[in-house]
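Structure record follows, encoded as structure tokens.
The values are calculated or read from the model by the stated rules, or taken from the named source; none is laboratory data. What you see is a predicted model, and the numbers here were worked out from it, not measured in a lab. Positions of Cβ are backbone-derived with ideal geometry, glycine not excepted, and every protein chain shown enters the neighbour counts. Ligands, DNA and RNA are stripped out before the accessible areas are found, and what is left, the full protein with its side chains, is counted by its heavy atoms. Shrake-Rupley method; radii C 1.70, N 1.55, O 1.52, S 1.80 Å.
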Amino acid sequence: MYRLTANDRRFRIFLELKRGISGEEIARKYGLSRTAIWKFVRRLEEMGYVFESRRGVGYRIVHSPDLSVFEIASVCFKSDLVEEVFYYEEVDSTNQRAREVGKPKRLFIAERQTRGRGRYGRVWVSDPGGLYFSITLPREIPLEDLPKITLTSGLAVARALNARLKWPNDVMMMGRKLCGILCEISGEIENPLVIVGIGINVNNKTPEGGISLREVEGKELRRIDVFRSVFESFEVYYKRLIKREWEEIRKEWIENSDTIGKRVVVRVAGKEYRGIAVDLDEDGGLILKEDEKTIRIFSGGCFYVTPSAGLKPRLSQ
Ligand code: BTN
């Protein structure tokens, strides 16, 4: 595990190395020995960084790995949403880590998860090559707004990746699942912590019904580029939610969703609700119409019903 804060000396030296700096200058500015600097440079090389190092000029990073704690930190610390980054080669679940650390404004990211959690106790398969991260939010949102946070997070990801939304928060491409979002609450009731966990299929193998950006694009993508656009979009939409722009977000969610207008089955707590999804209401509930009845649902597994002649309706996720 590697953790970094914005004022961590290692992070500041890293930024200098990106621009290019002489060993002498680092030693002087940061009070480090030549050996300590050399060790840090070696450590970065092990992570996949390549340096141009010329005698008398110093060090400059000329190639960065696909993902590293320093790359993630460079994105996150531009925003005031994150104060500390936790990076894991392997972890059980980033949502679980977030829960254990229990502090707001933290970002947890892993190369792979051994017990990635999905909604309803399902497993989120987290092979190498995907993006798996969790953000703990500042304590500024009332708990009853959790459904709005979930929907807003989904919209932020969908907008960043040019994808569609399936209620409540699946991000889809070509009718298959590209990204899943798991929002959880932890801590005490008086002082709850909201955890937003996001899993995106980038260059990883996907389970049935899933799709990766690699499949869509026909080539591998740099995960840091995907992370940057998703994180920046998340920040924009989250701040709009805080500024009470939910009504605009709700409309935008509807425009970017492929659920509204479809015949669906929603399964929740052992029950099944059927109907045509007609709207997303002001509290983030899905409105279903069936004959004269109107049903309002706040959570559940949503399936699209694809009728095919002579057969029972087929459910597709
Ligand atoms: C879903 O069921 O669609 C939600 C999947 C959420 C997966 C992400 S991956 C990062 C974070 N850590 C977890 O254990 N789960 C979420």
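General remarks:
- The equivalent ellipsoid of segment 1-149 has semi-axes of 34, 18, 12 Å, largest first, where each one is the square root of 5 times an eigenvalue of the Cα gyration tensor.
- Computed on protein heavy atoms with a 1.4 Å probe, the accessible areas place Met1, Met173 in the order Met1, Met173, largest first.
- What a 1.4 Å probe finds exposed on segment 192-253 is 48% carbon and sulfur by accessible area, rounded to a whole percent.
- The portion of the accessible surface of segment 67-123 made up by carbon and sulfur, rounded to a whole percent, is 44 (1.4 Å probe; DNA, RNA and ligands excluded).
- Descending semi-axes in whole angstrom, ellipsoid equivalent of segment 201-317, from the Cα gyration tensor: 30, 24, 11
- Spatially proximal aspartates and glutamates relative to Lys239 (Cα-Cα < 17 Å; intrachain offsets below 8 disregarded): Asp80, Glu83, Glu140, Asp145, Glu247, Glu248, Glu252
- Taking the Cα centre of segment 2-63 as reference, the dipole from Cβ charges on Lys and Arg (+1) and Asp and Glu (-1) amounts to some 120 debye.
- Along the axis of the charge dipole computed for segment 106-248 (Cβ charges of +1 for Lys and Arg, -1 for Asp and Glu, origin at the Cα centre), the listed residues Ser134, Cys179, Pro207 are led at the positive end by Pro207.
- Measuring nothing but protein heavy atoms, the accessible surface of segment 2-63 at 1.4 Å probe radius is 46 percent carbon and sulfur.
- The chain, dipole about Cα centre (Lys/Arg Cβ +1, Asp/Glu Cβ -1), debye to the nearest 20: 800
- More than 30 angstrom apart: percent of Cα pairs within the chain: 39
- Computed over the chain, the per-residue total of -39500 (n - 2.57) for DSSP H runs of n ≥ 4 gives a 222 nm mean residue ellipticity of -9500 deg cm²/dmol, rounded to 500.
- GluC sites (Glu not before Pro) restricted to segment 262-311 and DSSP loop, no more than 10 other C-beta within 10 Å: Glu282, Glu292
- The trypsin sites (Lys or Arg not before Pro) found in segment 40-100 that occupy coil by DSSP, while having at most 15 further C-beta atoms within 10 Å, are Arg55, Lys78.
- The chain: angle of helix 9-19 to the longest principal axis, Cα-based, in degrees nearest 10: 80
- Bridging of Lys293 to lysines at a Cα separation below 27 Å is possible for Lys148, Lys166, Lys251, Lys262, Lys271, Lys312, once same-chain residues fewer than 8 apart are set aside.
- Probe 1.4 Å, protein heavy atoms only - accessible area per residue of the chain in square angstrom: 49
- Given charges at beta-carbon only (K, R positive; D, E negative), |dipole| of segment 63-143 in Debye: 460
- Pairwise label distance in nanometres, Asp283 with Glu220, each label 7 Å out on the Cα-Cβ vector: 4.8
- FRET efficiency estimate (nearest 0.05) - Cβ-Cβ, Val62 to Glu24, R0 25 angstrom: 0.80
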